[in-house]
1. Determine the pairs where a residue that is open to solvent by less than 50 Å² (accessible area, probe 1.4 Å) and at pLDDT 95 or above, located within the range 188-213, has a partner that is of a type in the set (Asp, Glu) and not in a helix (DSSP H, G or I) with Cβ atoms under 6 Å apart, the partner being 6 or more residues away or on another chain.
2. Can you go through Leu125, Leu145 and tell me which one is part of a loop (DSSP other than H, G, I, E, B) and either in contact with a helix residue (DSSP H, G or I) (Cβ under 9 Å, 6 or more places away or on another chain) or not charged (D, E, K, R) (or both)?
3. From the list Leu142, Leu150, Leu131, which residue is among the aliphatic types (A, V, I, L, M), touching a Gly at 6+ places or on another chain (Cβ under 8 Å) and within 25 Å of Leu51 (Cβ to Cβ)?
4. Can you confirm whether Ala171 is without any contact (Cβ under 8 Å) to a residue 60 or more places away in the chain, under 20 Å from Leu120 (Cα atoms) and of a type in the set (Gly, Ala, Ser)?
5. Name every residue in the range 234-245 that is part of a loop (DSSP other than H, G, I, E, B) and open to solvent by less than 30 Å² (accessible area, probe 1.4 Å), in order of residue number.
6. For the range 91-108: of the residues being among the charged types (D, E, K, R) and in contact (Cβ under 8 Å) with a residue 12 or more places away in the chain, which is most open to solvent (accessible area, probe 1.4 Å)?
7. Only residues that are open to solvent by 20 Å² or more (accessible area, probe 1.4 Å) and part of a helix (DSSP H, G or I): list them for the range 214-233, please.
8. For the range 59-72, name all the residues that are surrounded by 14 or more Cβ atoms within 10 Å (Cβ to Cβ) and more than 22 Å from Leu213 (Cβ to Cβ).
Amino acid sequence: AWNRLGWPPLDRLVGARLDLVHSPTPLLVPSRAGKRVVTLHDLFFLKHPELVEGEARRDFATLVRDHVRRADGVVCVSEYTASEARRLLDVPPEKIAVTPHGVDASYRDTPPEEEVEEILRRLRLPRGGVLYVGSGEKRKNLVTLVMAYLTLARRRRLPPLVLAGPGTDWAQAGSRVGPQIVATGYLEKPAVRALMAASSMLVLVSLEEGFGLPVVEAMAAGLPVVCSSHSALAEVAGDAALLVDGHDATAIAR
């Protein structure tokens, strides 16, 4: 009803006149009189609706152009996303504010050793794993990441590839001396931080990111990063990560 009918207005729900209503999505939160601002995290759903699901496919892709046109302001989380907004949606530059994500302070704090050991015990993981943090959606490019890992595992002994977020259908059985892919499912932030303390690196080879929050979270935690050079990742990582072509499993393995 909010997305397609603009009803009920938020003013009515909270029982107060609102001066400003900020939506954390690309679609407006309706209000009677207040200024309205939307957030663009990325426009992947517009370029590849066949690769997204749920609300992003049903509503974002079909409604974003009209909602952004009616918004009083558009927050973009990176210069890359801002350039996409101008190119694909014809958003006037003066309507855009580029506001990068911040990093939760907990990522800068080293977790207690006993907490790290407890997480490793619970997940049955050794130290030194190759860590991925994120969802299992197609743009995250997990198939290519797994191919790169298996390519390298044929040549040398590797610690496991730990996929924090994707479901167990991504897991691969193996021995501690052979290829092993562990998919943990969703983890709360303290568990993710503990894995960052115990891993050898974070790898994020997405085909597209509007920002790439795991990259800066890993950097705040002092964890080396390998990420693809596509979209906003090169902007966010700067010269502090190893950048690779996310389409090339051999390059990722190297």
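1. Gly210/Asp42
2. Details: Leu145 fails: part of a loop (DSSP other than H, G, I, E, B).
The unique qualifying residue is Leu125.
3. Numbers: Leu150 fails: touching a Gly at 6+ places or on another chain (Cβ under 8 Å); Leu131 fails: touching a Gly at 6+ places or on another chain (Cβ under 8 Å).
Selected residue: Leu142, the only one of Leu142, Leu150, Leu131 that is among the aliphatic types (A, V, I, L, M), touching a Gly at 6+ places or on another chain (Cβ under 8 Å) and within 25 Å of Leu51 (Cβ to Cβ).
4. Values: without any contact (Cβ under 8 Å) to a residue 60 or more places away in the chain: yes; under 20 Å from Leu120 (Cα atoms): yes; of a type in the set (Gly, Ala, Ser): yes.
Considered against the rule, which asks whether it is without any contact (Cβ under 8 Å) to a residue 60 or more places away in the chain, under 20 Å from Leu120 (Cα atoms) and of a type in the set (Gly, Ala, Ser), Ala171 comes out as yes.
5. Filtering the range 234-245 for residues part of a loop (DSSP other than H, G, I, E, B) gives 238-241, 245.
The answer is Ala241, and nothing else.
6. If we take residues in the range 91-108 being among the charged types (D, E, K, R) and in contact (Cβ under 8 Å) with a residue 12 or more places away in the chain, then Arg108 is most open to solvent (accessible area, probe 1.4 Å).
7. Pro214, Val216, Glu217, Met219, Ala220 - these are the residues of the range 214-233 that are open to solvent by 20 Å² or more (accessible area, probe 1.4 Å) and part of a helix (DSSP H, G or I).
8. Start the filter on the range 59-72 by keeping residues that are surrounded by 14 or more Cβ atoms within 10 Å (Cβ to Cβ), which leaves 59-65, 67-68, 71.
Matches in the range 59-72: Asp59, Ala61, Thr62, Leu63, Arg65, His67, Val68, Ala71.
The values are calculated or read from the model by the stated rules, or taken from the named source; none is laboratory data. None of the values given here were measured: they were computed from a predicted structure. In this analysis, Cβ positions are derived from the backbone assuming ideal geometry, glycine residues included, and neighbour counts consider all displayed protein chains. SASA here: full protein model, heavy atoms, side chains in, ligands and nucleic acids out. Shrake-Rupley method; radii C 1.70, N 1.55, O 1.52, S 1.80 Å.
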